[in-house]
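Visitor: Here you go, one structure.
The values are calculated or read from the model by the stated rules, or taken from the named source; none is laboratory data. Here the structure is a predicted model, which is why all the values come from computation and not from measurement. FYI the Cβ positions are ideal-geometry reconstructions off the backbone, even for glycines, and counts take in every protein chain you see. Heavy atoms of the whole protein, side chains included, go into the accessibility calculation; ligands, DNA and RNA do not. Shrake-Rupley method; radii C 1.70, N 1.55, O 1.52, S 1.80 Å.
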Amino acid sequence: MINTPHDSVIVQSSGRFLIPLIQLFGLYVLFFGQYGPGGGFVGGVLLGASLIAGLLIFGPDGTSSETARRVLKIDGFGLIIFAGIGGLCLIGGGEFLNYSSFSIPGIDDSTRRHVGIIVAQIGVALDIAVAAVSIVYSLSDQGEDGSDA
Amino acid sequence: MSYSFELPLLILLILTAGGAIVVKDLISSVLILGSYSFFLALVWAWLGAVDVAFVEAVVGAGLATVFFLLTLFRMAPEHILIQRSPPPISAVIALPLLGLLLLYAASDLPAFGDPQSPASSHISPYYLENSLRETQTPNVVTAVLMDYRALDTMLETGVIFTSGMACWLLLGRKHS
């Protein structure tokens, strides 16, 4: 599985073509969730799925596996972004997660909420992508000793 | 409403659901479950719940299938085949009765899209009327999830984080 690259040329070359496409689509879904279907959850799953596909196709030495391993280090960061954007709203006596009490000068309430939704969606997407990759890492036998349960 | 497209869809849904239960080995079961999720996504899209359909297609048909398969690949081959004992006679009698009871209760549900139903007369009109003006977000679902009900979504994100952590703590090995 993820200890060795996939040995089929078809899978390898279609993966090389598809993985950037999935990532692009994930970003599109993430940032256009306010205008169409989708949003942070689906975008995060798609970004995570592209990393998982890279792990399964190119094995542990591929570049996407390196990205996946680096991504694991920010586990929980997405949740911090989401909760932090809620906490920022508290400054100046606002309510938790009520984006209209952001203390950004010069823009009106609805624009603040618009910006707040975008940042919160980025948080959700990060959290879910990292969680998906970490579950795949846990489920696959990645132990150096090679012993299996 | 015409049913020329929807009826085969629902039949396929029932067939795949039954097939996932009946087949003899778990890998086929998982793959059939993936196609079940895909048909379910089409049903959601038919009902107009595009966001739900999207999540069902991506998570149910994609991610969950990958997780199940990764789990199955680690299992011993003899555990992948299912030996089923015949169901107890009480279950054979009680479960169809329960299904009939639920069908009977379902006749009391409001009609699909009924504007007088409690679900669409309580707070939904407020969201539909004001979300574009208040949040500059044309997609009402996103506005409700990420703004009006942001606390729920944040705790859901926490649940996903916790599940990732729990898998890591239970199954993860020394990776450093």
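Visitor: For the protein assembly as shown, what does the helix formula give at 222 nm: sum of -39500 (n - 2.57) over DSSP H segments with n ≥ 4, over the residue count, nearest 500 deg cm²/dmol?
Guide: On the way: 15 runs with 215 residues, N = 325.
Helices in the protein assembly as shown give a 222 nm mean residue ellipticity of -21500 deg cm²/dmol.
Visitor: What average count of beta carbons from other chains do you get within 10 Å of the Cβ of residues in A:15-25? Display every interim value, and only then the final one.
Guide: Numbers: counts 0, 0, 0, 0, 0, 0, 0, 0, 0, 0, 0.
Mean partner shielding for this stretch: 0.
Visitor: Please list the radius of gyration and Dmax for region A:9-139, considering alpha-carbon atoms only, with Å as the unit.
Guide: 17.2, 59
Visitor: Let me ask something additional. Relative to the longest principal axis of chain A, what angle (0 to 90°, nearest 10) does the C-alpha long axis of helix A:109-139 take?
Guide: Once rounded, the angle reads 20 degrees.
Visitor: Measure out, as a whole number of angstrom, how far apart the alpha-carbon centroids of region A:110-129 and region B:67-90 sit.
Guide: Rounded to whole Å, the Cα centres lie 40 Å apart.
Visitor: Here's another thing I want to ask about it. For chains A and B, what's the summed buried accessible area, probe 1.4 Å, to the nearest 100 square angstrom? Please list the in-between numbers first.
Guide: Values: alone 8830 and 13570 Å², together 18180 Å².
The summed interface area works out to 4200 Å².
Visitor: Now a separate question. Averaged over its residues, how many other protein chain Cβ atoms are within 10 Å of peptide A:45-58's Cβ atoms? Numbers along the way, then the final one.
Guide: Values: counts 8, 4, 0, 3, 5, 0, 0, 5, 2, 0, 0, 3, 0, 0.
Across A:45-58, the average partner-chain Cβ count within 10 Å equals 2.
Visitor: Take chain B, mark every one of the chymotrypsin sites (Phe, Trp or Tyr not before Pro) that falls in a DSSP loop and has at most 13 other Cβ within 10 Å, then report the longest stretch left between them, sites excluded.
Guide: On the way: sites that count: B:3, B:5, B:112.
Longest gap between qualifying sites, sites excluded: B:6-111.
Visitor: Give me the percent of accessible area attributable to carbon and sulfur for the protein assembly as shown, probe 1.4 angstrom.
Guide: About 72 percent, which is the carbon plus sulfur part of the accessible surface.
Visitor: Now a separate question. Roughly how crowded by other chains is peptide A:98-108, in terms of the mean Cβ count from those chains within 10 Å of each of its Cβ atoms?
Guide: 1
Visitor: Where only protein heavy atoms count, and the probe is 1.4 Å, what is the accessible area per residue for the protein assembly as shown in Å²? Numbers along the way, then the final one.
Guide: On the way: 18180 Å² over 325 residues.
The answer is 56 Å² per residue.
Visitor: Distance between the C-alpha centers of region B:128-176 and region A:21-51? Whole Å please.
Guide: Here the two parts' Cα centres lie 14 Å apart.
Visitor: Let me ask something else about it. Which angle from 0 to 90°, rounded to the nearest 10, does the C-alpha axis of helix A:63-72 make with the longest principal axis of chain A?
Guide: The angle comes out near 50 degrees.
Visitor: Right, something else. How many percent of all Cα-Cα pairs in region B:65-143 sit more than 23 Å apart?
Guide: Considering region B:65-143, 64 percent of its Cα-Cα pairs are separated by more than 23 Å.
Visitor: Helix check for chain B. Which DSSP H runs span at least 20 Å along their own axis by Cα, with a mean Kyte-Doolittle hydropathy no less than 0.5? Provide the component values of the computation, followed by the final result.
Guide: On the way: long enough: B:6-22 (24 Å, 2.21); B:26-46 (30 Å, 1.85); B:89-106 (26 Å, 2.38); B:150-171 (31 Å, 1.31).
The qualifying helices are B:6-22, B:26-46, B:89-106, B:150-171.
Visitor: If you look at just the Cα atoms of the protein assembly as shown, how large are its Rg and its Dmax in Å?
Guide: 22.6, 71
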